[in-house]
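In what follows, a single structure is set out as structure tokens and then discussed.
The values are calculated or read from the model by the stated rules, or taken from the named source; none is laboratory data. From a predicted model like this one, the values you see are computed outputs, not experimental measurements. Cβ placement follows ideal geometry from the backbone for every residue including glycine, while neighbour counts extend to all protein chains displayed.
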Amino acid sequence: MPQPHPPATAEPAPEPITADPPYATERPLLTQSWLDLAFLHWAVDPADVAPLLPAGTRPDTLNGVTYVGLVAFRMHRVGWFRLPGIPYLGSFPETNVRLYSVDAHGRRGVVFRSLDASRLIPVAVGRGAFRLPYVWSRMAIRQEGRTVTYTSRRRWPGPRGAHSDLAIRIGEPVREPTDVEHFLTARWGMHSAFFGRSLYLPNTHPRWPLHRAELLHCDESLISAAGLDAPGGPPVSVLYSPGVPVRFGRPPRTPAGIPTP
């Protein structure tokens, strides 16, 4: 007589989206500031990005849709533990391509498909020590009045020629973020693969000061270089932020000391 199958275990619901961090970071692993950010986002089918996420995670969705983000900014004074941030090597332009994820514990996060940065040593450390997809690029950020331009040309390891040229005009402050704006910016961790294991790294920072922005120019190939289809139209969301100080905490651990997915 066939035995009945045990009932499937339901996945926990994703944690609530909160504008303020749901926990404190008392003993930071890393400190840094993210400044002069441009957030560009396109809606994508969750089935298209699911194969690109680390094991143990799935696309995080809002009303059945997930997003790919192109985020350009200035990294400022990266520091370890409670040490002061490094002024030169720890400060540089960066542009990342990111996806939105949730894990088996319901923790929401982002997954970086690429991180273009203009300092070779941080790129080498990020790739070698943390297995993050950092790449070395020639980059610049310029601001004239309320117009900010971000340029990036990839150097190593490639594909050479991958680039991003963006220009935005900063608009009025966002008093009440929409559900989509809240979903895209209120992220308190990242999911990654580390030596074959899934890893969740939490972060905390003050509530985002956001402005809506007008996209003046966008010529980029970083999204397709990151293994995604090139956007077929304009982004559905364009935001700007002057930035926030950020603290990364240590990965949660199981009793055996292994980072949890």
Problem set entry | For residue 214: the one exception among (1) under 17 Å from residue 177 (Cα atoms); (2) of a type outside the set (S, T, N, Q); (3) touching a Ser or Thr at 6+ places or on another chain (Cβ under 9 Å) | (3)
Problem set entry | Every residue from the stretch 10-58 that is farther than 15 Å from residue 189 by Cα and of a type in the set (Asp, Glu) | 11, 26, 36, 45, 48
Seminar exercise, completed: Inside the stretch 92-122, the number of residues satisfying the requirement of being out of contact with any Asp or Glu (no Cβ under 7 Å at 6 or more places or on another chain) and more than 28 Å from residue 167 (Cα to Cα) is 2
For this session: Would you check which residues across the stretch 207-247 are over 23 Å from residue 138 (Cα atoms) and free of Cβ contacts under 8 Å to residues at least 40 places away in the same chain and list them?
Result: 209, 210, 232, 234
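Considering 204, 151, which residue is crowded, with 18+ Cβ neighbours inside 10 Å, closer than 24 Å to residue 125 by Cα and free of Cβ contacts under 8 Å to residues at least 40 places away in the same chain? Step through it out loud before you land on a result.
Values: 204 fails: free of Cβ contacts under 8 Å to residues at least 40 places away in the same chain.
Testing whether each residue is crowded, with 18+ Cβ neighbours inside 10 Å, closer than 24 Å to residue 125 by Cα and free of Cβ contacts under 8 Å to residues at least 40 places away in the same chain leaves just 151.
Being over 15 Å from residue 205 (Cβ atoms) and at pLDDT below 95: is that true of residue 61 here? If you could, list the steps in order and put the result at the bottom.
Values: over 15 Å from residue 205 (Cβ atoms): yes; at pLDDT below 95: no.
No.
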Problem set entry | Looking only at the stretch 1-46, and only at residues there that are modelled with pLDDT of 80 or more, more than 22 Å from residue 202 (Cβ to Cβ) and not aliphatic (A, V, I, L, M), the one that is surrounded by the fewest Cβ atoms within 10 Å (Cβ to Cβ) | 45
For this session: Check off (1) of a type outside the set (Phe, Trp, Tyr); (2) farther than 21 Å from residue 68 by Cα; (3) buried (at least 18 other Cβ atoms within 10 Å of the Cβ) for residue 144 and give me the number that stays unchecked.
Result: (3)
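Condition (residue is part of a strand (DSSP E or B) and either closer than 22 Å to residue 200 by Cβ or of a type in the set (Val, Ile, Thr) (or both)) applied to the stretch 122-137: is it met by at least one residue?
Residues of the stretch 122-137 part of a strand (DSSP E or B): 134-137.
Restricting the remaining residues to those that are either closer than 22 Å to residue 200 by Cβ or of a type in the set (Val, Ile, Thr) (or both) gives 134-135.
Among the residues of the stretch 122-137, at least one is part of a strand (DSSP E or B) and either closer than 22 Å to residue 200 by Cβ or of a type in the set (Val, Ile, Thr) (or both), which makes the answer yes.
Going by the conditions given, is residue 173 within 17 Å of the chain's Cα centre (by Cα), farther than 23 Å from residue 116 by Cα and either surrounded by fewer than 17 Cβ atoms within 10 Å (Cβ to Cβ) or small (Gly, Ala, Ser) (or both)? It would help to see each step written out before you state the result.
Values: within 17 Å of the chain's Cα centre (by Cα): no; farther than 23 Å from residue 116 by Cα: yes; either surrounded by fewer than 17 Cβ atoms within 10 Å (Cβ to Cβ) or small (Gly, Ala, Ser) (or both): yes.
When the stated conditions are applied, residue 173 does not pass them.
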Exercise. Among (1) within 25 Å of residue 132 (Cα to Cα); (2) of a type outside the set (Phe, Trp, Tyr); (3) touching a Cys at 6+ places or on another chain (Cβ under 9 Å), where does residue 225 come up short?
Worked result: (3)
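Condition first: closer than 30 Å to residue 251 by Cβ, modelled with pLDDT of 95 or more and either in contact with a Ser or Thr (Cβ under 6 Å, 6 or more places away or on another chain) or not aromatic (Phe, Trp, Tyr) (or both). Can you find one or more residues in the stretch 165-176 that meet it?
No, there is no match, as no residue in the stretch 165-176 is closer than 30 Å to residue 251 by Cβ, modelled with pLDDT of 95 or more and either in contact with a Ser or Thr (Cβ under 6 Å, 6 or more places away or on another chain) or not aromatic (Phe, Trp, Tyr) (or both).
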For this session: Being at pLDDT below 95, within 15 Å of the chain's Cα centre (by Cα) and hydrophobic (A, V, I, L, M, F, W, C) is the filter; apply it to the stretch 191-240 and report the residue that is farthest from residue 24 (Cα to Cα).
Result: 193
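Identify, please: which residue in the stretch 82-101 is small (Gly, Ala, Ser), modelled with pLDDT of 60 or more and outside any strand (DSSP E or B) and is, among those, surrounded by the most Cβ atoms within 10 Å (Cβ to Cβ)?
Applying the filter and picking the extreme gives 90.
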Seminar exercise, completed: Output for Cβ contacts, cut-off 7 Å, separation at least six or different chains, first residue assigned to a strand (DSSP E or B) and aromatic (Phe, Trp, Tyr) in the stretch 50-70, second surrounded by 14 or more Cβ atoms within 10 Å (Cβ to Cβ) and at pLDDT 95 or above, reads 67/41; 67/42; 67/43; 67/44; 67/100; 67/184
